[in-house]
1. Is at least one residue of region 68-77 outside any loop (DSSP other than H, G, I, E, B), in contact (Cβ under 8 Å) with a residue 60 or more places away in the chain and among the small types (Gly, Ala, Ser)?
2. Look at Lys21 and say whether it is among the basic types (Lys, Arg) and part of a helix (DSSP H, G or I).
3. Only one of Ile57, Ile26 is within 18 Å of Lys6 (Cα to Cα) and surrounded by 14 or more Cβ atoms within 10 Å (Cβ to Cβ). Can you tell me which?
4. Regarding region 49-59, can at least one residue be identified that is out of contact with any helix residue (DSSP H, G or I) (no Cβ under 7 Å at 6 or more places or on another chain), among the aliphatic types (A, V, I, L, M) and in contact (Cβ under 8 Å) with a residue 24 or more places away in the chain?
5. I'm checking my understanding of the structure. Among residues of region 7-17 that are in contact (Cβ under 8 Å) with a residue 40 or more places away in the chain and not in a strand (DSSP E or B), which one is surrounded by the most Cβ atoms within 10 Å (Cβ to Cβ)?
6. Given the conditions (1) modelled with pLDDT under 95; (2) among the basic types (Lys, Arg); (3) buried (at least 17 other Cβ atoms within 10 Å of the Cβ), which single one is not true for Lys20?
7. When the residues of region 63-85 are filtered to those that are in contact with a strand residue (DSSP E or B) (Cβ under 9 Å, 6 or more places away or on another chain) and among the basic types (Lys, Arg), which remaining residue is surrounded by the most Cβ atoms within 10 Å (Cβ to Cβ)?
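The values are calculated or read from the model by the stated rules, or taken from the named source; none is laboratory data. No experiment lies behind these values; they were computed from the predicted model shown. Cβ coordinates were reconstructed from backbone atoms using ideal geometry, including for glycine residues, and neighbour counts include every protein chain displayed.
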Amino acid sequence: MPYTIKLLKRAERDLSQFPKKDLDRISEKITALADQPRPPQAKPLKGELKGHFRIRIGNYRVVYQVDTKASMIAVVRIGHRREVYRRR
């Protein structure tokens, strides 16, 4: 059963700032999470982001949470690897 993907407002804002060529790659990877929410390349995060996962797309990272009971993936942040983990 595929998961529903929900982009939080912060992730929507992040996504709108990417160039078209990167946007296509990132969107493709996020869509693939619906079928496999924890792909082999997904890493669980530690510290403040404990309970979240991240996937790598070149120099970009997608930070998300998986809710297995509701079959939903909440994309929290999308950004460059040096900025995505900073608090704002």
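1. The initial filter retains those residues of region 68-77 that are outside any loop (DSSP other than H, G, I, E, B), namely 72-77.
Next cut, in contact (Cβ under 8 Å) with a residue 60 or more places away in the chain only: 72-77.
Checking which are among the small types (Gly, Ala, Ser) leaves us with 74.
For region 68-77, residues outside any loop (DSSP other than H, G, I, E, B), in contact (Cβ under 8 Å) with a residue 60 or more places away in the chain and among the small types (Gly, Ala, Ser): present.
2. Working: among the basic types (Lys, Arg): yes; part of a helix (DSSP H, G or I): yes.
Considered against the rule, which asks whether it is among the basic types (Lys, Arg) and part of a helix (DSSP H, G or I), Lys21 comes out as yes.
3. Numbers: Ile57 fails: within 18 Å of Lys6 (Cα to Cα).
Within the list Ile57, Ile26, the selection yields Ile26.
4. If we filter region 49-59 for residues that are out of contact with any helix residue (DSSP H, G or I) (no Cβ under 7 Å at 6 or more places or on another chain), which is where we start, we get 49-54, 56, 58-59.
Right, trim to among the aliphatic types (A, V, I, L, M) and you get 49.
From what's left, in contact (Cβ under 8 Å) with a residue 24 or more places away in the chain: 49.
Yes - at least one qualifying residue is present in region 49-59.
5. Let us first name the residues in region 7-17 that are in contact (Cβ under 8 Å) with a residue 40 or more places away in the chain, namely 7-8, 10-11, 14-15.
If we keep only those that are not in a strand (DSSP E or B) as well, we get 8, 10-11, 14-15.
Numbers: Leu8: 15, Arg10: 15, Ala11: 20, Asp14: 23, Leu15: 18.
Across region 7-17, the extreme among qualifying residues is Asp14.
6. Against the list (1) modelled with pLDDT under 95; (2) among the basic types (Lys, Arg); (3) buried (at least 17 other Cβ atoms within 10 Å of the Cβ), Lys20 comes up short only on (3).
7. The selected residue is Arg77.
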